[in-house]
Amino acid sequence: MATEEGDLLHVVTDDDIGPGRRRIGHLLVWGSFGLLIAVFAVLTLAQTGRIGLEFGNWRPALYAALFWGICLGVAQVVLYGEQGKRTLFILPATLFVIAMVVFPLVFALGIAFSNWNLSSLEGRSFNGFDNVVQMWNDPFYWNALKNMVWYTLAIIVEYVIALGLALILASEIKARKFFRVAFLLPLMLSPVAVSWMIGKSMLEGRFGPIARLARWLGWDRPAFFSDPEIARTMIMIMDAWTFIPFMMIMLLAGLQAIPRDVQEAARVDGASGWRGFWEVTFPLMLPVSITAILIRIIFKLKLADIIINVTSGGPGGATDSVTSFIFREYRDRSNVGYGTLLAIVYLVLIVISITIFMKLVDRWMNPRY
């Protein structure tokens with residue numbers, strides 16, 4: 001009996017909420033939400049010049065949102081009693097996500113369908129689907145998307161190199177600890193530092209040591225960033241040199257997690273060397289490999305800093321990624337409306353691509369695990 005009473009201390013029963021109290025709770029939620037929508041509507045109409053009111057900023061919307069959040073918290077207790085108090089623990093985090101993710105995304109949608117150039121004195125104005133038409137006819141944007149396909153496909157080569165390094169470092173070699181630290185050094189460097197150290201210094205066409213070596217080998221005028229294909233390849237190499245250690249350390253952790261009994265049993269059964277790797281080690285490494293590749297894809301889709309510092313997208317946009325192109329649209333052309341539309345379209349493409357990738361991986365992995 002004592003045990004049952006002790007267990008009841010952790011049980012929260014439903015309170016007896018009367019109809020009058022429920023009406024007050026619903027009034028708090030929907031009344032404050034209606035006020036928030038009304039404030040947003042008035043501010044939007046004022047910004048577009050539809051009404052004669054003038055507001056210097058969107059601060060009234062902030063106050064209305066804070067008021068709605070407070071009313072929503074109070075309404076949880078009014079409507080659900082003790083259960084509502086539990087909800088209060090996660091409500092601030094939920095509202096924070098809405099404020100930091102959902103609201104900026106909704107606000108960005110409004111900017112994406114407007115003409116807003118910071119160098120213009122006219123300010124922001126709604127322009128419908130003009131930005132969509134401009135994007136559809138923009139060859140530089142489509143070229144940046146094509147480059148992202150090539151940059152992403154390069155992850156296959158990066159994975160092969162990273163897996164090879166992980167296999168070497170997992171084996172019994174001399175100075176294994178030293179090589180593990182040495183191979184991780186590129187990951188400790190900022191991509192900006194890599195772009196200046198390698199792209200601007202070592203690959204400099206006149207005095208760079210790699211350019212001098214190329215001249216010594218017979219290349220009369222080495223120019224690593226003048227030819228589109230060579231420049232794109234150099235960007236891939238610098239980015240790969242920076243992030244291959246990241247994949248390597250994840251794969252190395254996966255290799256070390258494989259039980260030695262499994263590998264020894266495979267050797268006893270005759271699966272040694274390449275056969276043992278392909279039939280035992282590689283299948284066991286698939287979950288870690290997929291995770292490493294997925295995280296690397298996410299990093300690759302954000303590739304911008306090396307491109308911006310080394311080539312600024314040149315020559316002629318040949319090395320542009322979508323992120324660097326959007327950055328230059330903001331910085332060089334001050335085109336906030338068009339740049340925001342490109343960013344939203346890119347976000348949608350990323351979500352669709354990652355979802356398809358995960359679905360295919362899940363379908364491929366299910367028969368094996």
Any residue at all in region 245-260 that is under 30 Å from TRP150 (Cα atoms) and surrounded by fewer than 16 Cβ atoms within 10 Å (Cβ to Cβ)? yes
Would you please name the residue that is surrounded by the most Cβ atoms within 10 Å (Cβ to Cβ), looking only at residues in region 184-211 that are modelled with pLDDT under 85 and in contact with a Pro (Cβ under 7 Å, 6 or more places away or on another chain)? ALA211
Out of TYR330, TYR338, I need the residue that is over 14 Å from the mean Cα position of the chain (by Cα) and in contact (Cβ under 8 Å) with a residue 60 or more places away in the chain. Which one? TYR338
Could you check region 214-253 and list, in sequence order, the residues that are within 30 Å of PRO287 (Cβ to Cβ) and free of Cβ contacts under 8 Å to residues at least 40 places away in the same chain? ILE237, ALA253
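One line per residue, one yes/no per condition, for (1) open to solvent by less than 20 Å² (accessible area, probe 1.4 Å); (2) among the aliphatic types (A, V, I, L, M); (3) within 22 Å of TYR159 (Cβ to Cβ):
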| site | (1), (2), (3) |
| --- | --- |
| ALA292 | yes, yes, yes |
| ILE295 | no, yes, yes |
| LEU301 | no, yes, yes |
| PHE327 | no, no, no |
| SER334 | no, no, no |
Would a scan of region 338-360 turn up a residue that is assigned to a loop (DSSP other than H, G, I, E, B), at pLDDT 90 or above and open to solvent by less than 70 Å² (accessible area, probe 1.4 Å)? no
Output the number of residues of region 214-228 satisfying the condition of being open to solvent by 70 Å² or more (accessible area, probe 1.4 Å) and either in a loop (DSSP other than H, G, I, E, B) or under 17 Å from MET197 (Cα atoms) (or both). 5
Looking at (1) open to solvent by 70 Å² or more (accessible area, probe 1.4 Å); (2) within 27 Å of MET238 (Cα to Cα), which is the only condition GLY317 fails? (1)
Within the bounds of region 154-176, is there any residue that is touching a Pro at 6+ places or on another chain (Cβ under 9 Å), in contact (Cβ under 8 Å) with a residue 24 or more places away in the chain and either not small (Gly, Ala, Ser) or not assigned by TED's automatic domain parsing to the domain that holds ALA253 (or both)? yes
Kindly evaluate PRO186 against the criterion of being assigned to a loop (DSSP other than H, G, I, E, B) and in the same structural domain as VAL336 (by TED's automatic domain parsing). no
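Among the residues of region 287-303, are any polar (S, T, N, Q) and not in a helix (DSSP H, G or I)? It would help to see each step written out before you state the result.
Start the filter on region 287-303 by keeping residues that are polar (S, T, N, Q), which leaves 289, 291.
Those left that are additionally not in a helix (DSSP H, G or I): none.
Looking through region 287-303, none of the residues is polar (S, T, N, Q) and not in a helix (DSSP H, G or I).
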Of all residues in region 84-131 being of a type in the set (S, T, N, Q) and open to solvent by 60 Å² or more (accessible area, probe 1.4 Å), the one that is nearest to ARG23 (Cα to Cα): THR94
Considering only region 1-41, state which residues are open to solvent by less than 100 Å² (accessible area, probe 1.4 Å), among the charged types (D, E, K, R) and modelled with pLDDT under 60. ASP7
Within region 303-337, considering residues that are touching a Ser or Thr at 6+ places or on another chain (Cβ under 6 Å) and farther than 24 Å from GLU204 by Cβ, the one modelled with the highest pLDDT: GLY337
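The values are calculated or read from the model by the stated rules, or taken from the named source; none is laboratory data. Only a predicted model underlies this, so the values are computations on that prediction, with no experimental measurement involved. Here Cβ is always computed from backbone atoms with ideal geometry, including for glycine, and neighbour counts include all displayed protein chains. In case anyone asks, the SASA skips ligands and DNA or RNA and just uses the protein heavy atoms, side chains included. Shrake-Rupley method; radii C 1.70, N 1.55, O 1.52, S 1.80 Å.
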